[in-house]
Each structure stands twice: as structure tokens, then as C-alpha cells.
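Please read the structure below before turning to the comments.
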Amino acid sequence: MNTAPIFQIQSILILSLMILGIYLRRKRKTHVKIMSAVIIWDILLILQIELTRSAIAKAVQVMTNPWMLKVHLFFAIGSVVLYILMIITGRKLLSGDIKIRPKHKTLGWTTLVFRILTLVTSYWAVSR
Ligand code: HEM
């Protein structure tokens, strides 16, 4: 079975949810709930991809340009590292550390860019 569309649909939904969470960034409670869901769902997506990889791996081996796969992995792994930083700085903001706000803001927009590039490069990683 070709699982790529299932993963890509989830990836688009996760990204849409992240955009909604950023749009609602001033509604603190809603923002935290949405972003927590985004991070958990994205990690579950990575697990799904990993668990079915043995099936995909062979197809990918033939079709993928390794350079493109590396660029995709850079953004995908970068997104996970940024998620960890978002949780750390987000929790500090919640505990009243207002000085951390510019950092959370800059890292937040960087996370969005990384996540968009992860989605875009996923098309190269599986289909060519
Ligand atoms: C991918 C994850 C996340 C992104 C992209 C993100 C992005 C943002 C952005 C852009 C802001 C606005 C900052 C400003 O304009 O000054 C913000 C505010 C905030 N974020 Fe996040 N965030 C994420 C995750 C989290 C998490 C996990 C937490 C909590 C544990 C959190 C807690 C907060 C808080 C408390 C605010 C301030 C809300 C207010 O105005 O009262 N964020 N976030």
C-alpha cells in the first residue's frame, strides 16, 4: 500500500493546526492546548513513518535523490529540536518569565518556516 498520501494529509493538517495556534497566540490557554496537540501529533506522525519504513525504504532507495532526502531530514529533525525549545521557552513564559518572550517569538516563527519546508521537501523525498 502507498502510505505516502496518508502521511502527507496528516502533515498538511498538522501544519494547518500550527497556523491556527499561531493565529490564536494571544489566547494563552487555547494557544498552549493547540501547540501541545501539534507537537504530539507530529511526533506520532514520525513514529508512523518510522514503523512502516521497512516497506517504504526499498521504494525510496530507488527513487530518491539522496541529496534531496538529506535536505528533507535536515528540516524534519530541525523541527523536532525546535519543538523542544518551544516547550522549554513556552513553559518559562507561562511561569511568568517575560524576558523569554522575544526568544519564544523568534523561535516560533522559525519553527513555522521549518515545518513548511519539511512538508514541501517531503514531496521530493518520496515521489521522485
Ligand atoms: C510549535 C510550537 C509553538 C509555536 C510555533 C509558538 C509560537 C508562538 C508565538 C509566535 C507567540 C507570540 C509571541 C509574541 O508575539 O510575543 C507565542 C506566545 C506564547 N506561547 Fe507559544 N508557540 C509554540 C508552543 C508553545 C508551547 C508548547 C507553550 C507552552 C508550554 C507556549 C506558550 C506560549 C505563551 C504562554 C505565549 C504568550 C501568550 C500571551 O500572549 O499571553 N507556546 N507562541
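The values are calculated or read from the model by the stated rules, or taken from the named source; none is laboratory data. Please read these numbers as outputs of a predicted model, since none were measured by experiment. Cβ atoms come from the backbone with ideal geometry, glycine included; neighbour counts cover every protein chain shown. We work out accessible area using only protein heavy atoms, side chains counted, and drop any ligands, DNA or RNA first. Shrake-Rupley method; radii C 1.70, N 1.55, O 1.52, S 1.80 Å.
For residue 36 and residue 48, the difference between the fully extended length at 0.36 nm per residue and the C-alpha to C-alpha distance is 2.5 nm. Across the range 4-127, Cα-Cα pairs more than 20 Å apart make up 44 percent of the total. Here the chain exposes an accessible surface that is 73 percent carbon and sulfur, computed with a 1.4 Å probe and the other protein chains kept in place.
Axis angle, to the nearest 10 degrees, between helix 101-127 and the longest C-alpha principal axis of the chain: 10 degrees.
What FRET efficiency comes out for residue 77 versus residue 12 if R0 is 25 angstrom and r is the Cβ-Cβ distance? Round to the nearest 0.05.
That gives a FRET efficiency of 0.80.
Between 0 and 90 degrees, rounded to the nearest ten: what's the tilt of helix 4-23 against the longest Cα principal axis of the chain? Roughly 10 degrees between the two axes. On the beta carbon distance between residue 103 and residue 2, with R0 = 30 Å, the FRET formula returns roughly 0.15.
Accessible surface area normalised per residue over the range 4-127 is 65 Å², counting heavy atoms of protein chains with a 1.4 Å rolling probe.
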